[in-house]
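S.K.: One structure is given below, represented as structure tokens, and several questions about it will come after.
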Amino acid sequence: MNAPSAPCAVPDPRFGAATDVGRLRAVNEDGYLATAPAFIVVDGMGGHAAGRSATRAALGALGALTSTRVTDVDTVVDIVRAAGAAVTAIPSHALYRPGATVAGVVLASLAEGPTWIAFNIGDARVYLLREGLLEQVTKDHSHVQALIDAHRLTPQEARTDPRRNVVTRALGGGINDAGVPDTHLLPVRGGDRILVCSDGLSDELDDEALATVLGAGLPPQRTAEMCIAAALEAGGHDNATALVVDMPPWEGA
């Protein structure tokens, strides 16, 4: 499918999205937004109704990015913070506190030229496949990532550590919930492929597996479906969502 025109002098991004409840969960608490210029994945937390409520509230606020001409990073940060406030405003139950992690990219018109503003809170991720090389753009806000940064855990050990799903920042959830995302600027290049995903995908597929699927040359929708199929084949322990965005080459790029 093709996205509506984005507010930049570049071609329309092409995208595909897929999500699945997984093999162990009863409810899919993931959600996504895919309307140019914004491509976002939200992973609700708090259990069933709480997680779904958090996802709906976050996506409702983040929808402002689809109707806003983004010319600076602050615009993205402000709207993500509004999403955090929307989640925090959901009434909490004694056993469930709604929260969510989020990651995404927004196509922006910056002074430097067309730029992807990538952002995240929690352990949802953004990856970039450029000229055959896969890069994890965002850095998790998680307990195991803090241990990796402190050289107390290797990335390989983190993949199987029982604390790997403990996040240190979120939208709501009472977890450092100011809603301030990390941001990264990626100059737009024709031929780039971006993956935005929930941890249900990245926990199942390592970088090598992701690079294989993303680099297979399939269209975005088929690629997103293949990502989810691979996650299910690897165990499907959590809800999984894949949002694949391609920037076609263009004259003058």
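S.K.: Under the rule a/c < 1.5 gives rounded, and otherwise a/b versus b/c splits prolate from oblate, where does region 201-253 land using the Cα gyration tensor?
M.R.: Working: a/c = 2.74, a/b = 2.36, b/c = 1.16.
Prolate, because a/c is 1.5 or more and a/b exceeds b/c.
S.K.: Rounded to the nearest whole Å³, what is the per residue volume of the convex hull around the Cα atoms of the chain? If you can, show how the numbers build up before the last one.
M.R.: Numbers: hull volume 30.0 nm³, N = 253.
About 119 Å³ per residue, rounded to a whole number.
S.K.: Karplus couplings for region 12-28 from phi (6.51 cos²θ - 1.76 cosθ + 1.60, θ = phi - 60°), rounded to Hz, Gly and Pro as x?
M.R.: Residue by residue, region 12-28 yields 5, x, 9, 9, x, 9, 8, 8, 8, 5, x, 8, 10, 8, 8, 9, 8 Hz.
S.K.: Net charge near D246: determine it from the other residues with C-beta under 13 Å of the C-beta of D246, scoring Lys and Arg +1 and Asp and Glu -1. Present the calculation step by step, with values, prior to reporting the outcome.
M.R.: Numbers: positive: R14, R130, R189, R193, R222; negative: D12, D192.
Cβ neighbours under 13 Å give a net charge of +3.
S.K.: Here is a further query. With each run of n ≥ 4 DSSP H residues scored as -39500 (n - 2.57), what mean residue ellipticity at 222 nm is computed for the chain after dividing by its residue count and rounding to the nearest 500 deg cm²/dmol? Spell out each step's value before the answer.
M.R.: Details: 7 runs with 68 residues, N = 253.
Theoretical 222 nm ellipticity from helices: -8000 deg cm²/dmol.
S.K.: Something else: What does the charge dipole of the chain about its Cα centre add up to, to the nearest 20 debye, if the Cβ of each Lys and Arg holds +1 and the Cβ of each Asp and Glu holds -1? Please report the intermediate quantities before stating the final value.
M.R.: On the way: 19 positive and 30 negative charges, 114 e Å.
Once rounded to the nearest 20, the dipole reads 540 debye.
S.K.: From the gyration tensor of the Cα coordinates in region 158-253, what semi-axes in whole Å does the equivalent ellipsoid have, largest first, with each one equal to sqrt(5λ)? Please report the intermediate quantities before stating the final value.
M.R.: Numbers: eigenvalues 142, 85, 22 Å².
Listed largest to smallest, the semi-axes of region 158-253 are 27, 21, 11 Å.
S.K.: Tell me the Kirkwood hydrodynamic radius of region 95-245 in angstroms, computed as one over the mean inverse distance between distinct C-alpha pairs. Don't skip to the answer; put the middle values down first.
M.R.: Numbers: mean 1/r = 0.0621 Å⁻¹.
About 16.1 Å for region 95-245.
S.K.: While we're looking at this one, here's another question. Where does each of 219-227, 152-160 land if you order them by average Cβ count within 10 Å, highest first?
M.R.: In decreasing order of mean packing, 219-227, 152-160 become 219-227, 152-160.
S.K.: I've got another one for you. Fewest first, what order do Y96, Y127 take by the number of other Cβ atoms within 10 Å?
M.R.: Values: Y96 18, Y127 23.
Least crowded to most crowded, the residues run Y96, Y127.
Where a number appears in this text, it was derived from the coordinates with a stated rule and is not lab data. Everything numeric here is computed off the predicted structure, so don't read it as measured data. We place every Cβ from the backbone using ideal geometry, glycine too, and count neighbours over all the protein chains shown.
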